[in-house]
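The values are calculated or read from the model by the stated rules, or taken from the named source; none is laboratory data. Model, not experiment: these values are computed from the prediction. So basically every Cβ, Gly included, is an ideal-geometry build from the backbone, and we count neighbours across all protein chains shown. Accessible surface is based on the protein model in full, side chains and every heavy atom, while ligands, DNA and RNA are left aside. Shrake-Rupley method; radii C 1.70, N 1.55, O 1.52, S 1.80 Å.
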Amino acid sequence: MNENKKTNQLRPTLDSTKSNYDKVFSYGDANNEDDQLECMSANTSSQSSFKDSFKEILRFTKNVVTSSSSVIITPPLLSPTDSPSKQKNVLNKTDLSAPLFFPHGCEERHISTTNYIKETIIDSKNSLLQDTDFNNNNNNSNNNNNIAQFQNSDLNTNKKIKGYLEHMKSKGVTFIKVTRKKRTSYNFMLIKGKIIRWKDKYLDIDGIKDIRIGDDANNYKNQFNINERYWITIIYQVPKNKLKGLHVYTNSVENFTIFYDSLCYIVKTRHELMKQLSIPDNEEFAIAHWGCRKTNDGLITFDDLVSMCLKYNLFCSSSFLRKIFIQVDTTEEGCLNYEGFKQFVKILKTRREMKDLFHKLVNKPYMDFEEFINFVVNVQKETWPNTSQDKLRGQFEKYSKKMLGVLTEKELLKYLLDQPPLHPSKDNYNYPLNNYFISSSHNTYLRGNQFGATCTIEGYIEVLQRGCRCVEVDVWDGSDNMPVVCHGILTDSLSLRSVLEVIRKYAFITTPYPLIVSFETHCKDTCQLVMAELITELLGDCLYVDKDKKSTMNILPSPNQLKNKILIKVTKTLETNSSSSNSSTNNNNNNNNNNNRTYNTDAALNSGISGMSSASGSMYDSEYDLSPEVSYSCSNATNASTKVNNPLRIKKKRIPLIQELLDLAAINGLRFRNFSLQESKTTKHSFSLSEKKYKSLIKDSSQKLAIDKHNRRYLMRTYPHAFRCRSTNFNPILFWRLGVQMVATNWQTNDLGQWLNIAMFQAPMGEKSYWNSGYVLKPRYLLKNVKAKELNNFYRDWNFKILELNLDVLSAQLLPIPESIKEIGEILNLAVHVEVFTAPPVDTCAVKSISSLQVENGFVLGEMSGKTKYIKDNGFNPVWNSKFCMKFYNTELNFIRFLIKSNDNVIVATCCMKITDMKKGYRHIPLFNNETGERFIFSTLFIKIDY
C-alpha cells in the first residue's frame, strides 16, 4: 500500500478520534475520579473504539513521539464582541499577536484543541472583516452575522477547518516568498497532512517553532523593507538543530486565512497527539498501552510493566514498582487484568503533594471563584493585569469543571502546569547601549576546546538563535589572500564569507535588538581590504555606521534606536612602530601569513596555551599575555618549526587596521592601559580586558572604583583567561557587579558560569513570548554617573534592601533516566541541591549572606547551599517537601541553581534562574540536561518561592 493511500485511509480515523475521545471522556461531571472511571469502563464499545483509534495515532506519529521540536503559535488577539470601530483601531495599531506556546514543550497544555481552533478562526475572521480594502459596509454587516453564527456552532468551525485543509491539499494557496535577493510567487500545498510543499522545497510541520504575524513579524518586514499586511513568517527547525525562516505575503485575504488557520490547526493537533503519548491521563495511558502489553490470557505481568516503564522513560526502580503492583494485585496471581492495570496507573501517577496542597488551600473537594481569587492574589502574588476581574474570571472558567463552575484538585493542577515560572521582561530599551548587560559569546566559532577543536558555523547559529547579541570573529590570512576565521594555528578554519552569511541570516531570528560583531584582526592589508568588502557586501543593509565622522555624540544610541542593526567592533591602533612595520613588510615576502615567529607547538599546548587570537598592535588587552615566555615561528598554519627560549613569551607584531575597515566600525576596541587616555573618553570606545587582567585590577580598590565609574558611561568587554583551554567559564557575576556590559563566555560549555549567563538573559520579552531580547537593563545603582572618589559614599548611602528567600522544594515530575542507567535498578536515591549565587554591594564585599542558610527536612552544605533528603527508588514523581530560608542583599544579581543528583553524584537534571525574575508562589520550573543545556520536555520541579 503506498504512503498516500495509507494517509487517506488513516485520515477518517484521525478525524473520528476526537468524537470517540469525547464519548469515552464525557463523564467530567461525575462526583469524583472513581465515578468517572466506573462510567468509562461501562462504555466498553467506546473504549474499544478509542483504543483502536489510538493505535492508529501511535502508528501515524511514531516518528513524532520522541521529537523535542516545539511550537509557538501567534494568532490575532481580537474579540468577536468588540465593535467594528474598536477592532479596526486595534488592527491599525497592529496589535495582532503574542505567542501562546513556549518552545521545548513548556506550554503545550495551554488550550484544548477544540477551543484553540475556535479561537483561531474567530480571531482571524475578525481581522479580515476589518480590512476596508476588501469589505464594504454591507459585507461587514453580513459577515458579523456570520461570526455570531460561527461562535455558536462548533460544527461550522469544523467545516471551515476541513474546507481549508481540503483546499490546501487539492489546490494550495499562492504566496510571494521573500528572500534577501528576490521575491518569487509560489503555490504552497499540504502533502500527507504534515508537509508544506512549494516548487521542489518542503517544510515538515513538526519542525515549526514559531508562526509570526502582525507586530511579531514587523522585525522581518523591516529587514526586507516590505510593508505588507498579510505577512506570515514561519520559523522552523531542520536537522542539526538549525533554525530557518520562511517569509511569505499575499494580497488575498482568503489565501492568508486558509494558510494561517490551516497551519495553526495542524500544529496544535499534532502537538496534542504528542502530548497524549507523553503525558496522558490515567485512562488514556491505560487504554493506549494495555493492548500492547497484555498476554494471551488478557493479563499483564510485572516484567511487562517494568519494560513498559523503561521504554517510556518512567524513572522508577523495580522495587518501587513492585510495591504498587502488589497493592493492586488483589488475586495474588502475579498478573493484572485491565481494571488492575488502570488502578496501577492511577496510583503511579498520583501526586500526593497536590492533594496536601489542595486540602491546605480549601479543605473541601472543590475551589470556588472567590477562593481562586484569593489563591492567585495572596498565594501566587500575581500582579496587574493578571489580577483584573476579567482576567481572573476568564482563567477560572477556562479550567473549571463545566456545569459545576468549580475547580477540583485536577483542574487546579492543570492551571498550575500552565503558569510560566518567570516574569516577562519589563526593561525599557530606550536608554543608551552602555546601560545594559549584553549577552556575549567568546570565540563563537569553536564548539570544543580552545585548541584542536573544529571551527564551525554551527557555533554562530546556536548562539544567535538563543539570543546572543555579541559574537566574536577572529580573522586571519588564508590562501589566495582570502580572509579566514580560526583560532590561529591550533584549529582548522572557516571562510569569512560563510561566517558573515550565517550572521546575516540569523542575526535577528529571535530578537530585533542590535547585534555586535567583535572582530579580532590578525591579517595583512590585502586580506583586510577583502574583509571590508565582504562586510559591506553581506551586512551592508544592516550595518550601523556613524555617517557624520565629525559628530561628537555624548551618549550611545539605545537598543530601540538600533533595532535590526549590526554594529561592527574593531580595534583602533593608536601607534605603530615603523621598524616593526618595515620588518613586517620584508617578512611578507617570505611569509604569506605575516607570522614571522618561532614557536614550540608541543610546549605551548602542554602549557595550556589556547591559541593566537589577539594582535600585539591591538590597543586592547590580549588574551595571550602569558608568562613564562614563548616565541614561535610558522610559515603556515600546519607547518611549524620549533624553537624554545627561556623564559617563554609570545612575541606578537603590531597590526594596524586599514582605514576602510575602521570606517565600518561603530565601536572602537581599545587595549587597556589606564583610564586617563584621551581615546578612553570617546563615546564609541570599548575597553577589552582578559579575565586575568580584570581580576588583577580589582585587587586595587581605586582601580575597582575606576572600572565601576567607566562602565556607567562607556562600554567594556571581558573574556576568559587563555589557560581555560577546555573552554570553561568564570563566574560572570564578578564582572556584572562593576557594570561590565559584554561579559563573553564559552557557550559550548554548560558549566556554572554559562548557566548563570543563561539565567541573566532568560526572561522572555513578553507575557506570551519565549524569546529573550539579549539585553538586560542594569540595576539602578549602576546607572547613575558618579565620580570615582564619591562611589564609596554613594554605595554606603544606597538603600540596598534585604531579600529574605523562602523556598519549598516540593516534588519533581517525569525525571529523565540518566544515560548511565541501562536498566531499572534497585537503588535510586535522588536529592535536590539548592545553591544561591549573589554579589554583595561593593562596600560590603566581605559579606554575602546576612543570615546563614536554614534547612528543614534536608541538609546544610555551605553558607549559601543545601540539599533535600534523599528519596529512594522514585524518579517518576519524587516528593521531598524540604524548606530553605536565608537572607542576603538584593543587588538584583542574585541567582539560584537547582541540581537533581543521585547519591553517587550523577546529575539527572538542572535549572538556573535569576531570583528576581521568578514568579512567586507555586511554580513548575523547567529542567534541563546539565551538559548539553537541552530542555527535558515534560520534566519539571515543583516549588513554592517567596522573597
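Distance between the C-alpha centers of segment 761-793 and segment 892-947? Whole Å please.
One Cα centre to the other: 23 Å.
Once phi is turned into ³J(HN,Hα) by the Karplus curve 6.51 cos²θ - 1.76 cosθ + 1.60 with θ = phi - 60°, what whole-Hz value does each residue of segment 786-793 show in order, with x for glycine and proline?
Once θ is set to phi - 60°, the couplings for segment 786-793 become 9, 5, 4, 5, 9, 5, 4, 5 Hz.
On a full-extension model of 0.36 nm per residue, what is the gain between E332 and T383, subtracting their alpha-carbon distance, rounded to one decimal in nm? Write out the running numbers ahead of the final one.
Details: separation 51, 0.36 × 51 = 18.36 nm, distance 5.42 nm.
Net length gain for the segment: 12.9 nm.
Pull out a ≥ b ≥ c, the square roots of the eigenvalues of the alpha-carbon gyration tensor of segment 450-508, then state rounded if a/c is under 1.5, prolate if not and a/b is larger than b/c, and oblate in the remaining case. Can you show the working numbers first?
Numbers: a/c = 2.54, a/b = 1.52, b/c = 1.67.
Since a/c reaches 1.5 but b/c is at least a/b, the shape of segment 450-508 is classed as oblate.
Give the accessible area for S400 in Å² (nearest 10); use a 1.4 Å probe, count only protein heavy atoms, and leave out ligands, DNA and RNA.
The accessible area comes out at roughly 20 Å².
Set the bar at 21 Å for Cα to Cα. Now go through K919/K944; K914/K944; K569/K684; K201/K268; K410/K944; K391/K919 and name every pair that lies beyond it.
Values: K919/K944 10 Å; K914/K944 15 Å; K569/K684 10 Å; K201/K268 23 Å; K410/K944 18 Å; K391/K919 17 Å.
With Cα atoms farther than 21 Å apart: K201/K268.
Accessible area per residue of segment 156-277 at 1.4 Å probe, in Å²? Write out the running numbers ahead of the final one.
Numbers: 5270 Å² over 122 residues.
With the other protein chains kept in place, segment 156-277 gives 43 Å² per residue.
Projecting each Cα onto the charge dipole of segment 283-418 (Lys/Arg +1, Asp/Glu -1 at the beta carbon, about the Cα centre), which of T383, F302, N337 comes out farthest on the positive side?
T383
Please give the charge dipole size of segment 400-457, origin at the Cα centre, charges +1 on K and R Cβ atoms and -1 on D and E Cβ atoms. Round to the nearest 20 debye. Please report the intermediate quantities before stating the final value.
On the way: 6 positive and 4 negative charges, 40 e Å.
So the magnitude is around 200 debye.
Return the FRET efficiency for the residue pair N793, Q703: r is the Cβ-Cβ distance, R0 is 22 Å, and the value is rounded to the nearest 0.05. Each step should come with its number before you reach the end.
On the way: r = 18 Å, r/R0 = 0.83.
Working from the Cβ atoms, E equals 0.75.
Can you give me the % of accessible surface on segment 156-277 that is carbon or sulfur? Probe 1.4 Å, all protein chains present, nothing else counted. Can you show the working numbers first?
On the way: 2330 of 5270 Å².
Within segment 156-277, the accessible surface is 44 percent carbon and sulfur.
In debye, nearest 20: dipole of segment 156-277 around its Cα centre with unit charges on the Cβ of K, R (+) and D, E (-)?
440
Take the solvent-accessible surface of the protein heavy atoms, probe 1.4 Å, and return the percent of it on segment 283-418 that carbon and sulfur atoms account for.
Working: 3460 of 6840 Å².
Answer for segment 283-418 is 51 percent, counting heavy atoms of protein chains only.
Can you give me the solvent accessible area of D751 with a 1.4 Å probe, rounded to the nearest 10 Å²?
40
Treating the beta-carbon of each Lys and Arg as +1 and of each Asp and Glu as -1, no other charges, what is the dipole magnitude of segment 283-418 about its Cα centre, to the nearest 20 debye?
Details: 21 positive and 20 negative charges, 54 e Å.
Roughly 260 debye, rounded to the nearest 20.
Let me check the size of segment 327-485 from its C-alpha atoms; what are the radius of gyration and Dmax in Å?
Reported Rg and Dmax, both Å: 27.3, 82.
Counting only protein heavy atoms and a 1.4 Å probe, tell me what percentage of segment 799-946's accessible area is made up of carbon and sulfur. Show your work: numbers first, answer last.
Details: 2590 of 5600 Å².
So the carbon and sulfur contribution to the accessible surface is 46 percent.
Solvent-accessible area per residue for segment 682-739 at a 1.4 Å probe radius, Å²? Could you put the intermediate results ahead of the total?
On the way: 1920 Å² over 58 residues.
About 33 Å² of surface per residue is accessible.
Rounded, prolate or oblate: pick one for segment 376-416, where a ≥ b ≥ c are the square roots of the eigenvalues of its C-alpha gyration tensor, a/c under 1.5 means rounded, and failing that, prolate if a/b is larger than b/c, else oblate.
Judged from the Cα gyration tensor, segment 376-416 comes out oblate (a/c at least 1.5, b/c at or above a/b).
If you bin the C-alpha pair distances of segment 799-946 every 5 Å from 0, what whole percents do you get?
2, 9, 19, 22, 19, 13, 8, 4, 2, 1, 0, 0
Rounded to two decimals, what ratio of Rg to Rh does segment 156-277 give with C-alpha atoms and a Kirkwood Rh?
Working: Rg = 14.2 Å, Rh = 14.9 Å.
Rounded to two decimals, Rg/Rh equals 0.95.
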